[in-house]
1. Does B:Thr303 fit the bill of being more than 30 Å from B:Ser482 (Cβ to Cβ), among the polar types (S, T, N, Q) and either at pLDDT 80 or above or not in a loop (DSSP other than H, G, I, E, B) (or both)?
2. Could you list, in sequence order, the residues of segment B:405-424 that are among the basic types (Lys, Arg) and without any contact (Cβ under 8 Å) to a residue 24 or more places away in the chain?
3. Here's a check for you: in segment B:420-472, which residue that is aromatic (Phe, Trp, Tyr) and surrounded by 14 or more Cβ atoms within 10 Å (Cβ to Cβ) is nearest to B:Leu407 (Cα to Cα)?
4. Quick one: in segment A:141-160, of everything that is in contact (Cβ under 8 Å) with a residue 60 or more places away in the chain and over 19 Å from A:Lys233 (Cα atoms), which residue is farthest from the other protein chains (Cβ to nearest Cβ)?
5. Have a look at A:Ala79, A:Ala6 and point out the one that is out of contact with any His (no Cβ under 6 Å at 6 or more places or on another chain), under 30 Å from B:Arg94 (Cβ atoms), part of a helix (DSSP H, G or I) and more than 14 Å from every other protein chain (Cβ to nearest Cβ).
6. So A:Gln94 fits all but one of (1) buried (at least 18 other Cβ atoms within 10 Å of the Cβ); (2) of a type outside the set (Ser, Thr, Tyr); (3) within 13 Å of chain B (Cβ to nearest Cβ); what number is the exception?
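The values are calculated or read from the model by the stated rules, or taken from the named source; none is laboratory data. Worth saying up front: this structure is predicted, and the values here are computed from it rather than measured. Don't worry about glycine lacking a Cβ; one is built from the backbone with ideal geometry, like all the others, and counts go over all protein chains shown.
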Amino acid sequence: MRAEHAISIRYFTLLGIFVAAIIAFTLHAIEMPNHLQRPEFLTGYVMFGLMLLVALLNVRKKLSMVPIGRAAYWLAGHAFFGVMLIGLYFVHTQTIWPEGGYERAFAMMVYLVTASGLAGYALQRISPRRLAAADLEIIYERIPAELAEVRRKVQAIVLESTKESGADTLGRHYLESLSWYFRRPRFFVPHLFGLQAGQHWIRFQVQTIERYLSAAERAQLTKIEGLALYKDKIDLHYALQSVMKYWLLIHVPLAAALLALMFWHIIAVNVYAR
Amino acid sequence: MMDPEKFRHDSSRYERPNLRYRCGRGAKWGDPCPLGPTTKGQCGGTSECHPAKVGDRFECRRPAYAGGPCSDGPKSDGACSQHRPPCRPRRTIRSVRGILAVGAFALVVAIIAVFLTVSPSSSRAITSAGPLTGGHANFTAKSGCVSCHTPHNGDVGGWVLAAFREDDLTPNCLTCHTFGGDPRLGHNAAAETTPRGRETSCTECHTEHKGESFDIVMMPDEACNACHKTRVDGFSVNHPQFGETFPHAQRTSIVFDHTSHFAKHFLNERVKDSAPENCTTCHEMADAVKSVKPRNFNETCVTCHGDAISSRDLVLLRLPEFSENLLDKQKVMGTCGPTLDQWNMMMEAMSGEEGDMEEMKSMMTGEEEFEPVSTEEASAVSAYLLGMAPDDPETYTKPMQEFLNRLIEEGSAPIAELIDQRAGKKVSNRLLAGLNPELVRRVACAWASNVEYSPPNDPEFGGWYGDGLELKYRPPSSGNHSDPVAYEWALFAAASQGEKDEVLVDFAEVMRKVVLSRTEGVGACTKCHAVSDDGKGGLEIEWRYRETKANPFTRFDHQLHLTLVNPEGVNLVDPSAGCRTCHTVNDQAQYQASFDGSDPHDFQSNFAAIKKETCAQCHNRGQVRQDCKTCHSYHFKPGFDLRMAKDAK
């Protein structure tokens, strides 16, 4: 524990030094025009370096076997440097909305990448806490199998109940209502926003059918309700983990497009602006 | 909490998020098969296991988490006996993300490539950093980027070379923009006091491609502080106090004593009614910017000083006192004819009286005692022209008399010859304009005959005339302020400052003092027009109102300020009170004495120096802007080469 704490201090000290250096550099760049110096090339190349550095997070994740720092620290650096890039961008362009089609496309991409990054970072900070409070841990890739298993169990209970009671009340209710729920994850949006729509739906279904069931069937219904509530937690996981994964489908391609724009920008300015 | 036993190695399959494909059944929320898709995206779940041959038999290899070996076991040919229909595997999120990322990168590269190759305009769209400012956009429309940027051949090699070559745009800027000094030096090195410093380029301060309405000349105060050692954070904060004579760095070109006029002349009962009402009666406000020009002589001064010009004569020649008469009287008489006295004497001699004949013979042969008609000195002008001391008869008698002989024979030509000789160029035609050679001859004849010249009438209208012992010029009383002859003589006198002949230097100085005398000079030109050092060792007469050359990097717009009200509420456009907000007469100043010498910088202004505090009443924090560029400019005499307009067509 103490060793881990020491590592944390070491990494965050390093990160702090980097951040301080970038802040100092930014302040220096802001001052440069006041000394009749053009900061564009200097800030531009520093931004280029930082963008490559933040892009290396993806490489780091793929090279998990190589001991080049914890992914968490890389992520922290990715976020810190990403935010600083926006500040440097303003110093670099001296405007929030430049002139020229290409420059505007570039600016738009910078803003989109940053916005998606910030949104993703917020999701990464908020969603795990909510998942931890759900009293269930499940790997995203196992959700289909888990849902299938829950569905099998519910169907088995319904069949058993029908066989034992000789009544098809519960079976028909399953076919007409509950099967919709167990077929796949439901209430995606309410789960994202922390609403209890799933649980309300389950209670409503239980209360609706309960009065028509015998005591034995009610016992089976209680089991089904338990599984439905369990599935509701899986649905919560599915919703939050999906968002935590799918935001990267926006952020990463935009970042890749930004890198392409950046390479051409570097070529163009070296050809025309030097 | 989920049962952890479910994830034992024999209870569940090992999920690999980094795989590119996932089971198609799972993707449709069915029960995913235990084996999952292949790495190439094909369904791997059509059978539940891949039986292994052990010895001569096949054994079931269904994993434990899928139920372990099946009861049916493999078929005889080694195929799995448990079949299910194939699914269509789906890509994992990670895989989709990778495709999108690579696709986005490739899409951008493709778009750039298309833009570069389709047309020049699309190529410009992808290389231009933004629209040019209005003026630049217009004249670069024809030639495009190469109007400013060094062309590169457009091929890859050219681009690569261009990327490593410094593209100095300044020479291209200078094809249109002109300056009063070296454009690459600080403040164009216009002022002698401007430190040369390092070379600069236009793009250090001026940035283009920032939009049509971008302020390309914008310059922060800090940029000024980059070079100026005295840091200024705002005019009212720590701008240095103005100079002791601000805004004047030298005396005025026109001698006008505001103090004496305000306090004495304008109050004089004789001219009181003609006195100007206020400042703008004499000062032209219509086009006042930095300087407020006085109106011309005929609109202002002529009311009181209209006669001054024609009241000051130029004495070109004066008959000096001769120590002896070396002139050939017979020759003079032969050429000029007898004088009235000689004629009378001849008539008396012809009447037969002996004594008279003897007296006439004596007069003709010059044997009688010589009594010079003049006891004057020679004129300063003739002394300089002839190179003789005007007050030493022993030295000038002979040359002057020889000169008179020439005048008798050649009229004004000898004078013109000497003038051109002294000036070093042909100027006599202008200096002697209107001088009748016959007048010169007659004056010379009279003087050679040792008599005063009697003009046929008074010089009522001015011009060249002889009067007793002098040949003079009087500016005509036609009201013409710019008398050309007086003007040329003043220039001739001023130019004599550069006289190289040591013998003539002193004579030139005397002549200069006379012609350019503020109290006696011809046409009274120098009464109002200052005679100043021209900075090249010579003198210049400041004929025109001289806009101040001081503080070339400071601007002040009188017009703009006249629309305002000073802190006391006085409208600055009010000429009787508004002007005094900044300009207060200094009645202690020795203004007239400033024009005794020729050094224009040794002066005292009529007006008290303007203090910084005067401006800071308004130009203060929270009030009117007070940044450097409010009053100062960087470039010296910025202008345009007209080729710019031509090329834009």
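1. Values: more than 30 Å from B:Ser482 (Cβ to Cβ): no; among the polar types (S, T, N, Q): yes; either at pLDDT 80 or above or not in a loop (DSSP other than H, G, I, E, B) (or both): yes.
Considered against the rule, which asks whether it is more than 30 Å from B:Ser482 (Cβ to Cβ), among the polar types (S, T, N, Q) and either at pLDDT 80 or above or not in a loop (DSSP other than H, G, I, E, B) (or both), B:Thr303 comes out as no.
2. If we filter segment B:405-424 for residues that are among the basic types (Lys, Arg), which is where we start, we get B:406, B:422.
Correct list: B:Arg406 only.
3. Step one: filter segment B:420-472 for residues aromatic (Phe, Trp, Tyr), giving B:447, B:453, B:461, B:464-465.
Restricting the remaining residues to those that are surrounded by 14 or more Cβ atoms within 10 Å (Cβ to Cβ) gives B:447, B:453, B:464-465.
Working: B:Trp447: 11, B:Tyr453: 14, B:Trp464: 16, B:Tyr465: 15 Å.
Among those that are aromatic (Phe, Trp, Tyr) and surrounded by 14 or more Cβ atoms within 10 Å (Cβ to Cβ), it is B:Trp447.
4. Taking segment A:141-160 and keeping what is in contact (Cβ under 8 Å) with a residue 60 or more places away in the chain, we get A:143, A:146-147, A:150, A:153-154, A:157-158, A:160.
Subset that is over 19 Å from A:Lys233 (Cα atoms): A:157-158, A:160.
Details: A:Ile157: 17, A:Val158: 17, A:Glu160: 20 Å.
The residue in question is A:Glu160.
5. On the way: A:Ala6 fails: under 30 Å from B:Arg94 (Cβ atoms).
Being out of contact with any His (no Cβ under 6 Å at 6 or more places or on another chain), under 30 Å from B:Arg94 (Cβ atoms), part of a helix (DSSP H, G or I) and more than 14 Å from every other protein chain (Cβ to nearest Cβ) holds for just one of A:Ala79, A:Ala6, which is A:Ala79.
6. Every listed condition holds for A:Gln94 apart from (1).
Here's the yes/no breakdown for (1) more than 27 Å from the chain's Cα centre (by Cα); (2) without any contact (Cβ under 8 Å) to a residue 12 or more places away in the chain; (3) assigned to a loop (DSSP other than H, G, I, E, B); (4) at positive phi:
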{"site": "B:Glu540", "(1), (2), (3), (4)": "no, no, no, no"}
{"site": "B:Asn551", "(1), (2), (3), (4)": "no, no, yes, yes"}
{"site": "B:Leu560", "(1), (2), (3), (4)": "no, yes, no, no"}
{"site": "B:Ala577", "(1), (2), (3), (4)": "yes, yes, yes, no"}
{"site": "B:Ala589", "(1), (2), (3), (4)": "yes, no, yes, no"}
{"site": "B:Gly597", "(1), (2), (3), (4)": "yes, yes, yes, no"}
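Residue-wise test of (1) of a type in the set (D, E, K, R); (2) touching a helix residue (DSSP H, G or I) at 6+ places or on another chain (Cβ under 8 Å); (3) closer than 26 Å to B:Arg518 by Cα; (4) surrounded by fewer than 16 Cβ atoms within 10 Å (Cβ to Cβ).
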position: B:Val237; (1), (2), (3), (4): no, no, no, yes
position: B:Glu244; (1), (2), (3), (4): yes, no, no, yes
position: B:Val255; (1), (2), (3), (4): no, yes, yes, no
position: B:Glu277; (1), (2), (3), (4): yes, no, no, yes
position: B:Thr300; (1), (2), (3), (4): no, yes, yes, no
position: B:Gly306; (1), (2), (3), (4): no, no, yes, yes
